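Notes follow the structure.
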Amino acid sequence: MTEDELEAALERAARWLRGCERACVLSGAGVSAESGVPTFRASDGLWEGHRIEDVASPDGWDRNPALVWNFYNARRANVATVKPNPGHHALVAMEQRWVDRFTLVTQNVDGLHLEAGSKNVLEIHGSLRQTRCLTCGAVTNRGLEPLGDAPECPQCNGRLRPHIVWFGEGLDDDIWMAAMEAADRCDALLVVGTSAVVHPAASLVPIARRKGATVIEVNLTRTEASAYADVGLYGPSGVMLPKLVERLA
Ligand code: APR
């Protein structure tokens, strides 16, 4: 994008947002990239040298739960060393404009939106910071402390798994319904740092569009969501989102 194109796009996006009653954001790995959390699809389908099906699927878990825990402990340790970036903080500022008419739907499991201070966050793919007991079902917030390769439930001593939605698994019904409702009711949807190829998350974009919402895309490149976008801000979200928020004042 040339500087003039970017200015025009920022102004259009800001105009729409200023007139917007109810706002929704769909975020993905790109929003955390500038914090130092690696995105998934930038790495040839390998995640820290592992095949996805070995570390992020029910079959992989059945085959080797210790490998899965070691992988998630490594991701947890990585997130413990990073901080929210200006993109996360800009979304906190945006929420303050709409308060309870703002929903941030994130595919990210790093917890950085909540750490930054966003309030109405739906973590539709779960969280690296939470465990789920395979015996009693308790979901527990464990922060980012190391958990070993066979952690047990503090309540019932059952086996714990990461509270993450793996490939081939369904989303939590209540969280997904809330996300669909937010996309359905908003009049502007900001799609930030996602390749928009993983469903059902990506379907929030056409859901919002069909109801007449304005779709604003923020990404380094065009994506599967671009066809639905009324305006695209192509550049790093840590730069684009603060520029957009500046214009909302
Ligand atoms: N600013 C904005 N966008 C960025 C930046 C940045 N600094 N860096 C990368 N991106 C964009 C890339 O261009 C890409 O479109 O972020 C997107 C990252 O895409 P993916 O790695 O596919 O991540 P995401 O869309 O969140 O993946 C969805 O798939 O990996 C599974 O369940 C996991 O939640 C994840 C889901």
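A single entry from ARG15, ARG51 fulfils the requirement of being within 26 Å of LEU171 (Cβ to Cβ) and loosely packed, with under 15 Cβ neighbours inside 10 Å: ARG51. Scanning the range 204-219 turns up no residue that is among the hydroxyl-bearing types (Ser, Thr, Tyr) and either within 15 Å of the ligand (Cβ to nearest atom) or surrounded by fewer than 22 Cβ atoms within 10 Å (Cβ to Cβ) (or both). Cβ-Cβ distances below 8 Å connect the following pairs, each with a first residue in the range 85-111 that is within 12 Å of LEU241 (Cβ to Cβ), a second residue that is within 12 Å of the ligand (Cβ to nearest atom) and among the charged types (D, E, K, R), and a separation of six or more residues or different chains: ASN85/GLU34; PRO86/GLU34; GLY87/GLU34. One residue stands out in the range 179-193 among those that are within 16 Å of the ligand (Cβ to nearest atom) and part of a strand (DSSP E or B): the one that is farthest from the chain's Cα centre (by Cα), namely LEU189.
Per-residue answers, yes or no, for (1) out of contact with any Cys (no Cβ under 6 Å at 6 or more places or on another chain); (2) within 16 Å of the ligand (Cβ to nearest atom):
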| position | (1), (2) |
| --- | --- |
| LEU160 | no, no |
| LEU171 | yes, yes |
| MET177 | yes, no |
| ALA202 | yes, yes |
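May I ask you to list pairs of residues, at least six apart or on different chains, whose Cβ atoms are under 7 Å apart, with the first in the range 196-215 being on the phi > 0 side of the Ramachandran plot and modelled with pLDDT of 95 or more and the second being of a type outside the set (Val, Ile, Thr) and surrounded by 13 or more Cβ atoms within 10 Å (Cβ to Cβ)? Final answer for the pair search is ALA196/ALA202; ALA196/GLU224; ALA196/ALA225. Scanning the range 153-175 for residues that are within 18 Å of the chain's Cα centre (by Cα) and outside any loop (DSSP other than H, G, I, E, B) returns PRO162, HIS163, ILE164, ASP173, ASP174, ILE175. Of the residues ALA196, ALA150, the single one that is assigned by TED's automatic domain parsing to the domain that holds ASN64 and either under 16 Å from LEU104 (Cβ atoms) or in a loop (DSSP other than H, G, I, E, B) (or both) is ALA150.
Residue-level analysis places GLU34 outside the set of residues that are within 16 Å of the ligand (Cβ to nearest atom) and over 30 Å from ARG209 (Cβ atoms).
The values are calculated or read from the model by the stated rules, or taken from the named source; none is laboratory data. Keep in mind the model is a prediction, meaning the values are calculated, not measured. As a convention, Cβ positions derive from the backbone with ideal geometry for all residues, glycine included, and neighbour counts pool all protein chains shown.
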